[in-house]
Amino acid sequence: MKNRYSTRMKMMALTERHCLLLDLADSIVSTLDTILIAQLILHASLICLLGLQLIVSLAVHDFAVVGTSIMSFNVLMIQLFLYSYMGETLSSKTEAISQAAYLNDWYDLPRNIVRDLCFIIARANVPVHIRAGKFYNIDFNSFKNVLKASVSYFSVLQIMFTQ
């Protein structure tokens, strides 16, 4: 009887902690929402301008500006990568909660605790994503898309200025 009571108390404490963590994750996401959309728009604009500056400075053989442009581009990409890493980590950690709940010895637990575990697994199957502007997930896939768009923009600019 005491073992069931202590298991139930531990489960209630873990469930309460899980709810607090979900609330914290939601507040982080809502705080970063506006900041990230502004950052993405600013980064896209700066990447376009840096690409244009790089093309023009290569045409006039100003290698100091070329170096500065490349370093600025790297700083922008590192910032985007850090946001993407943060979003990917948050998503993967929230997805790992359901697997951790399932992989414990739930079949040895009392029925009411197993029911609580089912609710935890169901809630954890909806991962928390950091979004920019409530519509664009910030993760490694978005970083890859920004990088691909930057390279394609640079290629188009290079073709336009060399002809």
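Listed by first and then second residue, the pairs with beta-carbon distance under 7 Å, at least 6 apart or on different chains, first residue in the range 151-163 and over 16 Å from SER45 (Cβ atoms), second in a helix (DSSP H, G or I) and modelled with pLDDT of 75 or more, are GLN158/ILE55; PHE161/ILE55; PHE161/ALA59. Listed conditions (1) modelled with pLDDT under 80; (2) touching a helix residue (DSSP H, G or I) at 6+ places or on another chain (Cβ under 8 Å) are all met by GLN79, apart from (1). Got at least one residue in the range 25-34 being modelled with pLDDT of 80 or more and not hydroxyl-bearing (Ser, Thr, Tyr)? So far as the range 25-34 goes, no, none of its residues is modelled with pLDDT of 80 or more and not hydroxyl-bearing (Ser, Thr, Tyr). Residues that are surrounded by 15 or more Cβ atoms within 10 Å (Cβ to Cβ), hydroxyl-bearing (Ser, Thr, Tyr) and assigned to a helix (DSSP H, G or I) do occur in the range 54-62, at least one of them.
When the range 63-96 is examined, which residues are found to be surrounded by fewer than 16 Cβ atoms within 10 Å (Cβ to Cβ), polar (S, T, N, Q) and either in contact with a Pro (Cβ under 9 Å, 6 or more places away or on another chain) or outside any helix (DSSP H, G or I) (or both)? Across the range 63-96, the qualifying residue is only SER92.
Which is under 30 Å from MET11 (Cα atoms) and of a type outside the set (Phe, Trp, Tyr), of VAL66, VAL151, VAL146, VAL126?
Details: VAL66 fails: under 30 Å from MET11 (Cα atoms); VAL151 fails: under 30 Å from MET11 (Cα atoms); VAL146 fails: under 30 Å from MET11 (Cα atoms).
Only one candidate qualifies: VAL126.
Please determine, by comparing only the residues of the range 12-28 that are of a type in the set (A, V, I, L, M), under 22 Å from the mean Cα position of the chain (by Cα) and surrounded by 11 or more Cβ atoms within 10 Å (Cβ to Cβ), which one is farthest from ILE121 (Cα to Cα). Top of the filtered list is ILE28.
Does any residue of the range 97-113 turn out to be within 19 Å of THR31 (Cα to Cα), surrounded by fewer than 15 Cβ atoms within 10 Å (Cβ to Cβ) and in contact (Cβ under 8 Å) with a residue 40 or more places away in the chain? Scanning the range 97-113, I find no residue that is within 19 Å of THR31 (Cα to Cα), surrounded by fewer than 15 Cβ atoms within 10 Å (Cβ to Cβ) and in contact (Cβ under 8 Å) with a residue 40 or more places away in the chain, so the answer is no.
Scan the range 20-27 and give yes if some residue there is polar (S, T, N, Q) and in contact with a Leu (Cβ under 8 Å, 6 or more places away or on another chain), otherwise no. Don't jump to the end; show me each part of the working.
Step one: filter the range 20-27 for residues polar (S, T, N, Q), giving 27.
Adding the requirement that they be in contact with a Leu (Cβ under 8 Å, 6 or more places away or on another chain) leaves none.
Scanning the range 20-27, I find no residue that is polar (S, T, N, Q) and in contact with a Leu (Cβ under 8 Å, 6 or more places away or on another chain), so the answer is no.
Summed over the range 102-133, the residues that are over 15 Å from TYR83 (Cα atoms) and part of a loop (DSSP other than H, G, I, E, B) give a count of 7.
The values are calculated or read from the model by the stated rules, or taken from the named source; none is laboratory data. Just so we're clear, the structure is a prediction, and the values are computed from it rather than from any experiment. Because the Cβ atoms are built from the backbone with ideal geometry, glycine has one as well, and the counts that use them run over all protein chains shown.
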